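Accompanying notes for the structure given below.
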Amino acid sequence: MQATDAVTDVTDADFAAEVIGAELPVLVEFTADWCPPCRQMGPVLKALAAEEAGRLKVVQLNVDHNPLTTNAYKVLSMPTFMVFRDGEPVKSMVGARPKRRLLEELADVV
């Protein structure tokens with residue numbers, strides 16, 4: 001696990017501990033190095049993580065390096081955002097979006 005500002009990188013090895021076992025709701029970005037929209041979301045996610053600290057945990061998972069988790073949740077497009085609460089996925093969103101829209105979409109699960 002490596003912290004990138006307020007966004008944490010997770011892997012197949014620590015996904016269960018960092019996401020499934022988390023006390024807070026967790027926003028997971030399934031991302032890839034070769035994905036320009038994923039890179040565009042970087043500053044949005046960092047700002048969101050800082051603003052929502054204590055209410056929402058924000059992590060990212062590189063799909064190329066972590067195929068087990070990627071396949072387990074049937075992620076086919078990047079970026080895919082999934083919100084986990086109490087160990088279960090409760091919301092899924094595909095594609096880059098502005099912070100305001102992301103906050104609106106998260107309002108019912110955070």
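FYI, it's all coordinate maths here, none of it is from the lab. Keep in mind that this is a model prediction, so the values were computed, not measured. Heads up, the Cβs are rebuilt from the backbone with ideal geometry, glycines too, and the neighbour counts pull from every protein chain shown.
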- Query: Setting aside same-chain residues fewer than 8 positions from residue 46, which lysines have a Cα under 24 Å from its Cα?
  - Reply: 57, 91, 99
- Relative contact order, percent, region 2-106 [alpha-carbon distance under 8 Å, six or more residues apart]: 36
- Message: Along the Cα→Cβ direction, 7 angstrom out, place labels at residue 23 and residue 92. What is the inter-label distance in nm?
- Response: 3.0
- Calculated FRET efficiency for the pair residue 103/residue 13, C-beta based, R₀ 30 Å, to 0.05: 0.45
- Item | P(r), alpha carbons of the chain - 5 Å bins starting at zero, rounded % | 2, 13, 26, 29, 21, 8, 0
- Item | Sum of -39500 (n - 2.57) over DSSP H runs of 4+, divided by residues of the chain (222 nm, nearest 500) | -8000 deg cm²/dmol
- Query: How much length is gained on full extension from residue 6 to residue 64, taking 0.36 nm per residue of separation minus their Cα-Cα distance?
  - Reply: 18.7 nm
